[in-house]
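First the structure, in the form of structure tokens, and then the observations on it.
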Number of protein chains: 2
Amino acid sequence: MSELANLTTMEVSALTDVDRGLNLTDGHARLFLSPEQATIVDGIPDMFAEASRRPFPEIELEAHTAFLHAIGQHSAPIGTGRILSCYSSTLATDILARALPSGATIAVLHPTFDNIADLFVTRGLKLVPLSEEALLAQEWPAPPVRAIVVTHPNNPTGLITPEGHLRSLAEHAARHGQIVIIDASFRGQVRDAQYDTYAVLDAAGADWVVIEDTGKLWPVHELKIGLLAYSEGLDLPIERAFSESLLAASPVVLQLVRALAEDWGKGGYERARDLVEGNRAAVRAAIEPAGLRLADPHSQISVARIELPPDGPDSSLLYKDLVGRGVHVLPCAPFHWADPATGLRLIRVSLARPHETVETGARTLAKAYLELSAS
Amino acid sequence: MSELANLTTMEVSALTDVDRGLNLTDGHARLFLSPEQATIVDGIPDMFAEASRRPFPEIELEAHTAFLHAIGQHSAPIGTGRILSCYSSTLATDILARALPSGATIAVLHPTFDNIADLFVTRGLKLVPLSEEALLAQEWPAPPVRAIVVTHPNNPTGLITPEGHLRSLAEHAARHGQIVIIDASFRGQVRDAQYDTYAVLDAAGADWVVIEDTGKLWPVHELKIGLLAYSEGLDLPIERAFSESLLAASPVVLQLVRALAEDWGKGGYERARDLVEGNRAAVRAAIEPAGLRLADPHSQISVARIELPPDGPDSSLLYKDLVGRGVHVLPCAPFHWADPATGLRLIRVSLARPHETVETGARTLAKAYLELSAS
């Protein structure tokens, strides 16, 4: 794989495919607005007026409250100044990476979206993988590991860190002076991941940083917020790093987030989940006749991994073949940032797309796989 | 000054002042929408529909064309793939800083907004100052300086790099294998800075990077785009660095930029300039009776520096006193990142505010200065 081929560059090339192929790469919601969401979007011009009339901190506080309560995070430090609104969860991660002591060793869940690992490496941190098996066995890394990064639910596998496991991790970290870092960017999609993370972390007395994201939930064309929250007394220069990156998120976007979060609690969540699960079923139905299967049949997030048998073409070949057919998916090797070969038999497709798009994409994938296998 | 007191942290504290003091800190346009702009904002819901219907590259191309043509940049590499749309000019700068070879020495205009210097330092670059006097004398730094960064027009002084000077710099850089970096974030405000920079740079055969910004022009509550453009054959991993930071800017914001840029060419520019110049005159009228003067009376950008006499209170004292009176401005020492003491007699106020806000702020500043001098 060339130096350029991280997952985001493949997503960019799908987005900029001028022939407008089927884009099943990124985890963003590329859907039409629901009637409820369309009504909210119609109110954006009023949000401009409101942003001029009212103090920014009030607007921000309302957005934090609505969003964090809609996803079950009632113990988040709302109103304390310890939740920073960033343009995106990627930027929140980068701000955190800059605030961590350069040269420190951190453990990062493996596999996970390569961008998370890349941002930490670029800021001079040393990474060691924490496998999903180790997480499930509650085998936590000892010092000199300074911080432990868990994506919850994990992308691409959908693995949810159970509440008891998080408690165990937080108590371990508190004992050893480590920092627990949770990237909860996909949490909004999965009720089972919405237990009150902040209560667990605070009860254990651990230092922690949590990243939340509105960017994977709604079809709002990148008008999103990444939240960077941290524990009281955390000794990292996070505010300084934040001030290097931005002055403030948009008060218009914060109002949009508030309104969409309120809708999320009034049926929006169920509507989105039903669409995603319908699409997951469509992928399964399309691929099983070709001898392929879902790698994570119980995943609830808006992407699905497809497992390729060991004797057929690998995901790198299938990816390239599909690009030729105008269907963009993601080969999974880059998710396995510490050992790409272990991801070679997996391919990821996005489910937050119109049903016909997913169905057509999955059928094309099955057909391509069969033709490649036969050739 | 504490480690935390960079200019942005002072701007954040003005923004989050819950008593809603007068905020004359940042260079963003904090104004009410003009009737023409309000009509454009009313169209945002339609821009959502358009973003779902049309390919992203088309929407992006139209925004680049409208914006760059509205500010005179007819030779910008529109449509070549060498203009990247970022969430902000700060993010564009950080992406560039990451792509430059770590440890390299770069010359940066001095004084200039401290964030520009900070972002390069944080990414491991070594900085040397290029004074405005050296720029005006066309004394360009020799290797080992690898790149030369010029803010055009400069913030906070308003200095415009004349076309002939840019040509001299570009020819010098081409001879010595250096990269010319132009931060043109305030260019949209000043016709004299809108000569075709890209034509000059390309004619000299220099490697170059240019950052453009829509964020200082319109009261759009952070719905903005920073553009990162670069010369053909530039040997820096800019696309890779971009992919670490974002997938894509918002197609809704790109459509908003396009519409506002078209209005900018049809009277919007003149309306905004008249307001800023009226505010500059109001500041001058308020401060001169107190023995203060504008440091840059011919500046055309939306901030003004006020020079304090050598025998009175300095800007650090005056800044603190004004915060106590609910008026937020910026002391200029941090702009002088290589030698803060040289900025101690200067204070910066923003002019892109409603007229009454600027007038009240300037009067309070003059009163505070007189009272501090007498005490």
If I histogram all Cα-Cα distances within chain A using bins 10 Å wide from 0, what percent of pairs lands in each bin? 5, 24, 33, 26, 11, 2, 0
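Is the shape of the stretch B:62-210 best called rounded, prolate or oblate, per the rule: a/c under 1.5 gives rounded, else a/b larger than b/c gives prolate, else oblate, with a ≥ b ≥ c the square roots of the Cα gyration tensor eigenvalues? Before the final figure, lay out each step's value.
On the way: a/c = 1.38, a/b = 1.21, b/c = 1.14.
Verdict is rounded for the stretch B:62-210.
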Counting Lys and Arg as +1 and Asp and Glu as -1, each charge on the Cβ, what is the dipole of the protein assembly as shown about the Cα centre in debye, to the nearest 20? 80 debye
How high is the relative contact order of chain A, in percent, with contacts defined as C-alpha pairs under 8 Å that are six or more residues apart? 23 percent
What is the distance in Å between the Cα centres of the stretch A:29-57 and the stretch B:313-362? 35 Å
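Rounded to a whole number, what % of the accessible area of the stretch B:140-279 do carbon and sulfur atoms account for, probe 1.4 Å? Please report the intermediate quantities before stating the final value.
Details: 1970 of 4030 Å².
Taking all protein chains in place, the stretch B:140-279 shows 49 percent carbon and sulfur surface.
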Kindly write out, for the stretch B:73-83 in residue order, the coupling ³J(HN,Hα) from the Karplus curve 6.51 cos²θ - 1.76 cosθ + 1.60 (θ = phi - 60°), rounded to whole Hz, with x marking Gly and Pro. 9, 6, 9, 4, x, 4, x, 8, x, 9, 10
At 10 °C and 1.306 mPa s, the Stokes-Einstein diffusion coefficient in µm²/s for the protein assembly as shown, with hydrodynamic radius from the Kirkwood sum on alpha carbon pairs, is 59 µm²/s
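About the Cα centre of the stretch A:45-262, how large is the charge dipole given +1 on each Lys and Arg Cβ and -1 on each Asp and Glu Cβ? Please answer in debye to the nearest 20. Intermediate values should be presented prior to the final figure.
Working: 15 positive and 26 negative charges, 53 e Å.
The calculated dipole for the stretch A:45-262 is roughly 260 debye.
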Restricting to Cα pairs below 8 Å that are 6+ residues apart, what does the relative contact order work out to for the stretch A:45-262? Please round to a whole percent. 29 percent
In a shell of Cβ-Cβ distance under 14 Å around B:VAL108, excluding B:VAL108 itself, what net charge do Lys and Arg (+1) and Asp and Glu (-1) give? -2
Out of the total accessible area of the stretch B:2-99 (probe 1.4 Å, heavy atoms of protein only), what percent is carbon and sulfur? 55 percent
Two decimals is fine: what's Rg over Rh for the stretch B:142-246, C-alpha atoms, Kirkwood radius as Rh? 0.98
Using a 10 angstrom cutoff on alpha carbons, build the Gaussian network for chain A and name the most mobile of A:ILE181, A:ILE347, A:ILE59. A:ILE59
At 7 Å out from Cα toward Cβ: A:GLU239 inter-copy label distances (nm, ascending): 4.1
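Summing Lys, Arg as +1 and Asp, Glu as -1, what charge do residues with Cβ under 12 Å from the Cβ of B:SER245 carry, B:SER245 excluded?
Numbers: positive: B:ARG98, B:ARG240; negative: A:ASP94, A:ASP118, B:ASP94, B:GLU239, B:GLU244.
Here the charged neighbours net out to -3.
Within 10 Å of each Cβ in peptide A:51-57, how many partner chain Cβ atoms are there on average? Round it to a whole number, please. Don't skip to the answer; put the middle values down first.
Numbers: counts 5, 7, 1, 1, 6, 8, 5.
Across A:51-57, the average partner-chain Cβ count within 10 Å equals 5.
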Given H placed on each backbone N at 1.01 Å, which residues far from A:PHE113 in sequence or on other chains put an amide H within less than 5 Å of it? A:ASN155
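Averaged per residue, what accessible surface does the protein assembly as shown expose to a 1.4 Å probe, in Å²? Mind dumping the intermediate values first?
Numbers: 26150 Å² over 750 residues.
Result: 35 Å² per residue.
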Taking the mean number of other Cβ atoms within 10 Å as a proxy for protection, how do you rank A:72-78, B:297-303 from highest to lowest? B:297-303, A:72-78
Put a label point 7 Å from Cα along the Cβ direction on A:ALA203, then list its distances to the equivalent points in the other copies in nm, shortest first. 7.1
Please check the stretch B:202-244 for residues whose accessible area, probe 1.4 Å, is lower by 30 Å² or more when all protein chains are in place than in their chain alone. B:HIS221, B:GLU222, B:LEU223, B:ARG240, B:SER243, B:GLU244
What does the average come to when, for each residue of peptide A:247-255, you count the partner chain Cβ atoms lying within 10 Å of its Cβ? 6
Around A:ILE181, under 12 Å between beta carbons, what's the net of Lys plus Arg minus Asp minus Glu among the other residues? -1
Applied in sequence order to the stretch B:245-252, the curve 6.51 cos²θ - 1.76 cosθ + 1.60 (Karplus, θ = phi - 60°) yields integer Hz couplings, x standing for Gly and Pro, of 9, 6, 8, 6, 6, 6, x, 6
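State the antiparallel share, in %, of DSSP beta bridges confined to the protein assembly as shown, rounding to the nearest 5.
On the way: 36 of 80 bridges.
Taking every DSSP beta bridge with both residues in the protein assembly as shown, the antiparallel ones total about 45 percent.
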If we hang a label 7 Å off Cα along the beta carbon direction at B:ALA281, how far is it from the matching labels on the other copies, in nm, shortest first? 7.1
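How shielded is A:9-15 by partner chains, expressed as the average number of their Cβ atoms within 10 Å of its Cβ atoms? Mind dumping the intermediate values first?
Numbers: counts 6, 1, 3, 8, 0, 1, 7.
Mean number of neighbouring Cβ atoms from other chains: 4.
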With x for Gly and Pro, the residue-by-residue ³J(HN,Hα) of the stretch A:108-119, computed from phi through the Karplus equation 6.51 cos²θ - 1.76 cosθ + 1.60 at θ = phi - 60° and given in whole Hz, is 10, 3, 9, x, 7, 3, 4, 4, 4, 5, 4, 4
Can you report the principal axis dimensions of the stretch A:174-333 using only the alpha carbons, biggest first, rounded to whole angstrom? 54, 40, 31
Hey, can you grab everything whose amide H is under 5 Å from the amide H of A:LYS126? Only 5+ residues off in sequence or another chain; H modelled, so Pro and N-termini drop out. A:GLY103, A:ALA104, A:THR105, A:ILE106
Electrostatic dipole magnitude of chain B [Cβ: Lys, Arg +1; Asp, Glu -1; Cα centre; debye, to 20]: 280 debye
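Students often get this wrong, so check it: of A:LYS224/A:LYS266; A:LYS216/A:LYS266; B:LYS216/B:LYS320; A:LYS224/B:LYS126; A:LYS224/A:LYS320, which have C-alpha atoms separated by over 29 Å?
Details: A:LYS224/A:LYS266 20 Å; A:LYS216/A:LYS266 18 Å; B:LYS216/B:LYS320 26 Å; A:LYS224/B:LYS126 35 Å; A:LYS224/A:LYS320 31 Å.
Too far apart for the 29 Å limit: A:LYS224/B:LYS126; A:LYS224/A:LYS320.
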What's the total accessible area buried between chains A and B, using a 1.4 Å probe, rounded to the nearest 100 Å²? 4800 Å²
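Helix-derived [θ] at 222 nm for the protein assembly as shown: sum -39500 (n - 2.57) over DSSP H runs of at least 4, divide by residue count, nearest 500? Kindly include the intermediate steps, with their values, before the conclusion.
Numbers: 28 runs with 318 residues, N = 750.
Helix-only estimate at 222 nm: -13000 deg cm²/dmol.
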Of the residues A:ALA29, A:VAL108, A:LEU15, the Cα lying farthest along the dipole of the stretch A:1-149 towards its positive end, which is defined by charges on the beta carbon of Lys, Arg, Asp and Glu, belongs to A:VAL108
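The values are calculated or read from the model by the stated rules, or taken from the named source; none is laboratory data. Nothing here was measured: the structure is a model prediction, and the numbers come from that model. No Cβ is skipped: glycine too gets one built from the backbone with ideal geometry, and neighbour counts run over all protein chains shown. When the accessible area is computed, the model is the full protein with side chains, heavy atoms only, and any ligands, DNA or RNA have been set aside. Shrake-Rupley method; radii C 1.70, N 1.55, O 1.52, S 1.80 Å.
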